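The values are calculated or read from the model by the stated rules, or taken from the named source; none is laboratory data. None of these values were measured; they are calculated from a predicted model. FYI the Cβ positions are ideal-geometry reconstructions off the backbone, even for glycines, and counts take in every protein chain you see. Keep in mind that these areas ignore ligands, DNA and RNA; they rest on the heavy atoms of the full protein, side chains included. Shrake-Rupley method; radii C 1.70, N 1.55, O 1.52, S 1.80 Å.
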Amino acid sequence: MGTREDLLAAAKQCLAERGYARTTVRDIVAASGSNLAAINYHFGTRDKLLYQAMMESSADAVQQILESLRAHDAEDPAARLRDFLQRLITSFTEDRALWSANVETLTQALHSPELRTELGTAQAEARDELSDFFGPDAQDPRLGAILQTMIGGLLIQHLVDPDHAPTATDITAGLHTLGTLLPPAHRPH
């Protein structure tokens, strides 16, 4: 690996161990075997490095879940969604430090127009990728928006109160009920 990759790997490690707010440039430098000048050269600031590391880590985690679903593709859309949500919940539990750091990173973006712009771009890409979750025949950008919204809400609920957060079955059943309540004229085409 090169210095840039070493810094990213070290930042990912530090985020998982310490979280966003408690990760210092000294932590990253020590974990990477690099120096402060390398952070400035490759990323400009600690925040930009941590943000890049967080975006890659979260995208990798969701991508692994999506790939595992593709390998065991369920024909039933409800079962596919339930499996996806269950794997997300498992990830939120097993990789709690990663997902907590993700939320910390998002709050930091509120104070940085540049990070907000990058986050907006990443969110748009995520919605596009999630839009074909149910396959090419059902591809709709609105599906990606719904899935992304559910991921964020589910993450917050599982971080704050995991014992009372909804299960994958609760969510899929609730969506089914919601679908039956919407009159056909209001359903997306």
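Annotations
- Given charges at beta-carbon only (K, R positive; D, E negative), |dipole| of segment 1-116 in Debye: 420
- Ranking Thr180, Thr107 by solvent-accessible area of protein heavy atoms (1.4 Å probe, all protein chains present), from largest to smallest, gives Thr180, Thr107.
- Using a probe of 1.4 Å, the accessible surface attributed to Ser91 totals some 10 Å² when neighbouring protein chains are kept in position.
- With all protein chains kept in place, the per residue accessible area of segment 77-186 amounts to 57 square angstrom at a probe of 1.4 angstrom.
- Val25 exposes around 50 Å² of accessible area when a 1.4 Å probe is run over every protein chain in place.
- The chain: Rg to Rh, with Rh as the Kirkwood radius over Cα pairs: 1.03
- Accessible-area ranking of Arg4, Arg80, largest first, probe 1.4 Å: Arg4, Arg80
- P(r) tail for segment 52-137: Cα pairs beyond 17 Å make up 53% of the total.
- In segment 89-169, the C-alpha radius of gyration followed by the widest Cα-Cα span (Dmax) gives 14.1, 40 angstrom.
- Sulfur and carbon atoms: percent of accessible area, the chain [1.4 Å]: 55
- Heavy-atom accessible area for Ile171, with the other protein chains in place and a 1.4 Å probe, reaches approximately 30 Å².
- GNM on the chain, alpha-carbon springs under 10 angstrom: the most fluctuating residue among Asp128, Asp137, Asp161 is Asp137.
- Kyte-Doolittle mean at least -0.5 and Cα axial length at least 18 Å: DSSP H helices in the chain: 3-18, 46-71, 77-94, 96-109, 141-160, 168-181
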